[in-house]
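The values are calculated or read from the model by the stated rules, or taken from the named source; none is laboratory data. The structure presented is a predicted model; accordingly, all values stated were derived computationally and were not measured. Here the Cβ positions follow ideal geometry from the backbone for every residue, glycine too, while neighbour counts run over all protein chains shown. Accessible surface areas use protein heavy atoms only, side chains included; no ligands, DNA or RNA. Shrake-Rupley method; radii C 1.70, N 1.55, O 1.52, S 1.80 Å.
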Amino acid sequence: MTFLAGFIMGGLAMLGIVMLSSQQPPELEIVHAGGPTVPPDAADADANDANDASTEAPANDSADFSRSIIIPVQGVSSAAIQDTFDETRGTSRRHEATDILAPRGTPVIAADDGVIKKLFLSKPGGNTIYQFDPTERYSYYYAHLDRYAEGIREGSTVKQGDVIGYVGTTGNAPANTPHLHFGIFKLGPEKRWWEGTPINPYPILITRANK
């Protein structure tokens with residue numbers, strides 16, 4: 001009888017453990033505007049143009065953007081740029097960037113003065129650069145780079161027009177469509193390179209280019 005009671009009690013305890021385990025919440029992800037990524041001390045993960053399960057952040061009105069920037073691909077005119085910000089990627093993810101098509105190896109130039117905050121290799125974005133403007137209010141995101149320009153390092157100070165990389169198809173870009181995925185994000189008070197509110201670059205690039 002003692003053995004039977006012990007057997008029953010042990011079974012109930014195991015059942016309780018299984019039920020408790022099944023009630024644990026799923027592992028959470030840190031979400032960057034446009035897709036989940038991870039803080040800088042973690043391993044490689046999806047960057048901000050990458051995941052269908054992303055949480056959509058409301059886009060800032062580009063009219064509120066206070067910087068004067070240039071088209072970040074050498075030799076590309078405003079007439080060649082299309083507004084791809086609200087296009088769908090995957091099944092439901094909003095693009096939240098402007099794709100600027102150019103031949104592979106075309107120099108990518110700094111859209112603004114600032115500091116290279118992060119060089120990041122991600123599965124969807126490939127070789128990417130996060131650059132902060134001098135006020136650290138905005139972050140510029142350059143993705144699918146074929147390679148970085150010589151001498152570009154995290155912490156490098158760049159001037160508007162400096163070559164920082166080259167157009168490519170790294171990450172999830174189609175192999176036959178080299179382009180720069182260019183995003184602008186308004187930074188939060190923590191100034192985290194992997195977080196921000198997306199701003200549509202298209203009207204900003206067109207306005208600045210036409211001045």
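Below are the figures for this structure:
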quantity	calculated
Within the accessible area of region 95-149 (1.4 Å probe), percent carbon and sulfur	54 percent
Segment A175-Q160, length gained on full extension (0.36 nm per residue, minus Cα span)	2.5 nm
Gyration tensor (alpha-carbon) shape descriptor, region 154-200, a/c threshold 1.5	oblate
Zone residues, region 170-185, relative to D64, backbone N less than 19 Å from point 7 Å out along Cα-to-Cβ	183-185
Average Cα contact separation per residue, region 62-200, under 8 Å, 6 or more apart, as relative contact order %	26 percent
Debye, to nearest 20: dipole size of region 94-211, +1 on Lys, Arg Cβ, -1 on Asp, Glu Cβ	100 debye
